[in-house]
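Structure first, commentary second.
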Amino acid sequence: VVYGALTNRVAVTKALTVLSVNGPTVTVIQGYPVKGNSAVRCVYLTNNAGLNGFTLTNGATRTAGDIFWERSGGGVWCASTNAVVANCVLISNSASLFGGGAYSSTLNNCTLTGNSAGSAGGGSYSGTLDNCTLSSNSASYGGGASGGSLNNCALTGNAALQYGGGSYSSILNNCIVWGNAASL
């Protein structure tokens, strides 16, 4: 626990990088996928911390408590975009509000698949994404991503209940946006 009552499977509270030896196909950080008091987020990263070469799966957030610290970032929650997640796979994570896969992160060469958020940013919320793939994520706003900047990314098959199947309120540079859906 870093803040409030939400448990993190891994909490990096110092400016250091955690690097897997064998990559995301065999190195997994698993949360607990039930949103609420028993939820476990996969990873918390402080300012200038990093994570490289992991699969983050089945992380979740609380449904009560602080809207950013405890109800956002099911896969990874970053104290700022100075925290970097690289060469990772974020799959099947959920947040009751923002960033099912990632919250306020810099993501480099990552894959975000099957993540969900109750409000905005199924895959990512308010982050900087470079060379990432976002597919089959869902949220009310921004099924793939909400807020932030996406550079050289592919957004396919994401869905939103309201606006922005692929992305909502984000800056996209040289991205492929294909086959996403939104109700409004």
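The values are calculated or read from the model by the stated rules, or taken from the named source; none is laboratory data. These numbers come from a predicted model, not from an experiment. Every residue, glycine among them, receives a Cβ derived from its backbone with ideal geometry; neighbour counts consider all protein chains shown. Heavy atoms of the whole protein, side chains included, go into the accessibility calculation; ligands, DNA and RNA do not. Shrake-Rupley method; radii C 1.70, N 1.55, O 1.52, S 1.80 Å.
Shown for the stretch 12-89: the carbon plus sulfur share of the solvent-accessible area, taken with all protein chains present and a 1.4 angstrom probe, equals 52%.
If you take every DSSP beta bridge whose two residues both sit in the stretch 42-179, what share of them, in percent to the nearest 5, is antiparallel? Kindly include the intermediate steps, with their values, before the conclusion.
Numbers: 0 of 51 bridges.
Bridges in the stretch 42-179 are about 0 percent antiparallel.
When the chain is treated as a GNM with alpha-carbon contacts under 10 Å, the residue of GLY118, GLY100, GLY143 showing the greatest mean-square fluctuation is GLY118.
Listed options for Cα extents along the principal axes in Å are (1) 116, 26, 21; (2) 39, 34, 26; (3) 157, 41, 33. The value calculated from this structure is the one marked (2).
Enter the accessible area per residue of the chain (Å², integer; probe 1.4 Å; all protein chains in place).
40 Å²
How much of the DSSP beta bridge set in the stretch 1-118 is antiparallel, as a percent to the nearest 5? Bridges in the stretch 1-118 that DSSP calls antiparallel: roughly 5 percent. Close amide H pairs (under 5 Å, H built 1.01 Å from N) link VAL89 with PHE54, THR55, LEU56, THR111, residues at least 5 positions away or on another chain. Note: the stretch 79-184, Cα convex hull, 67 Å³ per residue.
Placing +1 on each Lys and Arg Cβ and -1 on each Asp and Glu Cβ, with no other charges, gives the chain a dipole about its Cα centre of roughly 260 debye.
Sorting the segments 105-112, 121-128, 155-162 by their residues' average number of neighbouring beta-carbon atoms within 10 angstrom, most packed first, yields 121-128, 105-112, 155-162.
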